[in-house]
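Since the structure comes first, as C-alpha cells, the remarks are kept for the end.
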Amino acid sequence: MSRKKKYTFYKCRDCENDFLAKPKQGKKPFCPTCGEQFYIENMMPVWIERPFQYKQHWTEEEDELIILGRQMEHTYNRISESLQGRSMKATQNRFYQLQKARSLVEQGQ
Ligand SMILES: [Zn+2]
C-alpha cells in the first residue's frame with residue numbers, strides 16, 4: 001500500500017507564491033506568505049509521501065559530527081552551524097534519536 005497522500009499545488013496571485021497544501025474538502029488554504037485566501041488559485045493535485053523535502057535522511061557523517069560535538073560540549077546551535085541545512089531543533093532531535101537507539105542496543109545485549 002502506498003503511503004502517498006494527495007496534496008494540491010496552489011498559487012497566490014497576490015504575491016506570486018506557489019505552495020503545497022492539504023486543505024479540507026472544498027476549502028481554500030491561506031497563502032503562507034501573505035496570509036491571503038482570496039487570491040489563491042488551484043493549480044494541480046499531486047500525490048506525494050510528504051510535502052517538500054524537509055525530512056532529509058541523516059548521513060553517518062552528520063551523526064558523527066553531532067555526537068562529536070556533544071562530546072566536546074558544543075551547543076546544538078553551534079553543531080547545527082556545521083551541518084548544511086539542519087536547524088538547531090533538528091540537530092537536537094537527532095541527538096535524542098541517536099541516544100535512544102544506542103540505549104536500545106545496550107539493553108538488547
Ligand atoms: Zn500571497
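The values are calculated or read from the model by the stated rules, or taken from the named source; none is laboratory data. This is a predicted model, so every value here is computed, not measured. Because the Cβ atoms are built from the backbone with ideal geometry, glycine has one as well, and the counts that use them run over all protein chains shown. Side chains are part of the model used for accessible areas, which takes the heavy atoms of the whole protein and leaves out ligands, DNA and RNA. Shrake-Rupley method; radii C 1.70, N 1.55, O 1.52, S 1.80 Å.
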Pairs where the first residue, in region 76-90, is within 14 Å of Thr59 (Cβ to Cβ) and the second is part of a loop (DSSP other than H, G, I, E, B) and among the polar types (S, T, N, Q), C-beta under 8 Å, 6+ apart: Gly85/Gln56
Restricted to region 1-36, and to residues that are in a loop (DSSP other than H, G, I, E, B) and of a type in the set (Gly, Ala, Ser), which residue is surrounded by the most Cβ atoms within 10 Å (Cβ to Cβ)? Gly35
Answer yes if at least one residue in region 40-58 is within 16 Å of the ligand (Cβ to nearest atom), in a loop (DSSP other than H, G, I, E, B) and either open to solvent by less than 90 Å² (accessible area, probe 1.4 Å) or at pLDDT 80 or above (or both), and no otherwise. no
